[in-house]
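Engineer: Quick one: this structure, given as structure tokens, is what I'll be asking you about.
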Amino acid sequence: MKRTTIGLDIAKHIFQAHAVNSETAEVTRTKLRRAELLAHFAQLQPSVIVMEACGSAHHWARRFARLGHEVKLIAAQFVRPFVKTNKNDAADAAAIWTAAQQPEMRFVAVKTEEQQAVLALHAIRERFKKNRTAAVNQIHGLMGEFGVELPKGWRTMLPKATAALDDATSSVPTLLRSQLRRQIEEIRRLTEQISEAERQIASWQRRQEDCERIASIPGVGLLTATAAVATVGETAMTFRSGRQFAAYLGLVPRQNGTGGRVQLLGISKRGNTYLRTLLIHGARSVLVTSKAGKDPTSWLGRLSQRRPHNVAAVALANKMARQIWALLAHKRTYDPNHGLTAVAPAAPA
């Protein structure tokens, strides 16, 4: 028996469902409140529920799956072209249903609670880091207004700033000093919160075999490994190839062409911005510190010689993304010489 497909537009309080009877082509539109949602779908026969991959979508996907339904998530950018009229909940639900009927539609894998928890730790750590950067920049600017020059880098800046505030002969006004001291304490507190988040992430990494496997790739550290596994994890085969995974991260060129002529532009920068940033930063560190980046006989060395530094870093990040996919999808271990070993010639008869 063919399952009924239901397009569901989710929100905080009001949910809109759209379904079409496969035999009579009758359209059913149902508006549900949050408290009614699970009870309504618990009464239905097992169906295919399709939603946009937006806030709380993974939570509802897990809840519907426990009721016996098959759940699919679609990226919002793939739903938007099917909105026929003005945007409202009913039109969005109908567009989700229509998008799900497309034969080549790509769906987003549903994340587990553990995966979402790890990604939430990454998001919290990133916010702490941004707040610390803002506080450091503000201290640089405010104390610079009174002729106090501070070194770059918060580790070397904090002792110098503290010494300047404790110096009675400093040009910083007394009226301002107490607030600047609180600012310095805030930086130290944010640093401890960042460290605590990293300890929690590292504790999760040690329990994940996949994290240990891809962490052996040069340029892939704690943050990149855990973010990649939490983003992809056991669903790596959702992507047909490493190139498709790199495209998901926005590490492949945009295309603009017609009449059979295609022009390749800069990278698309679509998809997961956070993971793409981590990969590019990791690639930059490899370019600076590894011997391969300076070896003119290696792929990376030749690339660094003929292309600008940032272009080489993005190209290496693309390669790292493909390696991550290969290790996760095929459960392999990292081999730096993979594909480079020549086949030994056959012995003469």
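Engineer: So which residues in the stretch 300-334 are over 22 Å from residue 238 (Cβ atoms), in contact (Cβ under 8 Å) with a residue 12 or more places away in the chain and among the small types (Gly, Ala, Ser), if there are any at all?
Structural biologist: If the condition is that a residue be over 22 Å from residue 238 (Cβ atoms), in contact (Cβ under 8 Å) with a residue 12 or more places away in the chain and among the small types (Gly, Ala, Ser), then 304, 312, 313, 315 are the ones that fit.
Engineer: I've got another one for you. Scanning the stretch 241-265 for residues that are of a type in the set (Gly, Ala, Ser) and at pLDDT 85 or above, which turns out surrounded by the fewest Cβ atoms within 10 Å (Cβ to Cβ)?
Structural biologist: Per the stated criteria, the residue is 241.
Engineer: Next question, about the same structure. Can you tell me which condition residue 232 does not meet? The list is (1) aliphatic (A, V, I, L, M); (2) touching a strand residue (DSSP E or B) at 6+ places or on another chain (Cβ under 6 Å); (3) crowded, with 20+ Cβ neighbours inside 10 Å, and all the others hold.
Structural biologist: Every condition holds for residue 232 apart from (2).
Engineer: Further question on the same structure: Check the stretch 151-160 and report whether any residue there is within 22 Å of the chain's Cα centre (by Cα), of a type in the set (D, E, K, R) and in a helix (DSSP H, G or I).
Structural biologist: no
Engineer: Give the stretch 169-186 a look and list any residue that's of a type in the set (A, V, I, L, M), touching a residue at least 12 places away in the same chain (Cβ under 8 Å) and not in a loop (DSSP other than H, G, I, E, B), or say none.
Structural biologist: 176, 180, 184
Engineer: Would you check if residue 113 is at pLDDT 95 or above and either among the acidic types (Asp, Glu) or touching a strand residue (DSSP E or B) at 6+ places or on another chain (Cβ under 7 Å) (or both)?
Structural biologist: When the stated conditions are applied, residue 113 does not pass them.
Engineer: Please list, ordered by first then second residue, the pairs with beta carbon atoms under 7 Å, 6 or more apart or interchain, first in the stretch 255-268 and within 18 Å of residue 316 (Cα to Cα), second in a strand (DSSP E or B) and of a type in the set (Lys, Arg).
Structural biologist: 265/254; 266/254; 268/254
Engineer: Outside the structural domain of residue 244 (by TED's automatic domain parsing), under 25 Å from the mean Cα position of the chain (by Cα) and of a type in the set (Lys, Arg): which single residue out of 29, 80, 66, 34 fits that description?
Structural biologist: Step by step, each of 29, 80, 66, 34 is checked, and only 80 is outside the structural domain of residue 244 (by TED's automatic domain parsing), under 25 Å from the mean Cα position of the chain (by Cα) and of a type in the set (Lys, Arg).
Engineer: Mind checking which helices (runs of 4 or more DSSP H) fall wholly inside the stretch 1-109 and carry at least 2 residues that are out of contact with any helix residue (DSSP H, G or I) (no Cβ under 9 Å at 6 or more places or on another chain) and free of Cβ contacts under 8 Å to residues at least 40 places away in the same chain?
Structural biologist: Fully inside the stretch 1-109 and qualifying: 34-42, 76-79.
Engineer: So, one more: Restricting attention to the stretch 117-162, and to residues there that are of a type in the set (D, E, K, R) and modelled with pLDDT under 95, which single residue is farthest from residue 193 (Cα to Cα)?
Structural biologist: 145
Engineer: Residue 126 - would you say it is part of a helix (DSSP H, G or I) and surrounded by fewer than 16 Cβ atoms within 10 Å (Cβ to Cβ)?
Structural biologist: yes
The values are calculated or read from the model by the stated rules, or taken from the named source; none is laboratory data. Bear in mind that the values here come from a model prediction, so they are computed numbers and not experimental data. A quick note on method: Cβ atoms are made from the backbone with ideal geometry, for glycine too, and the neighbour counts reach across all protein chains shown.
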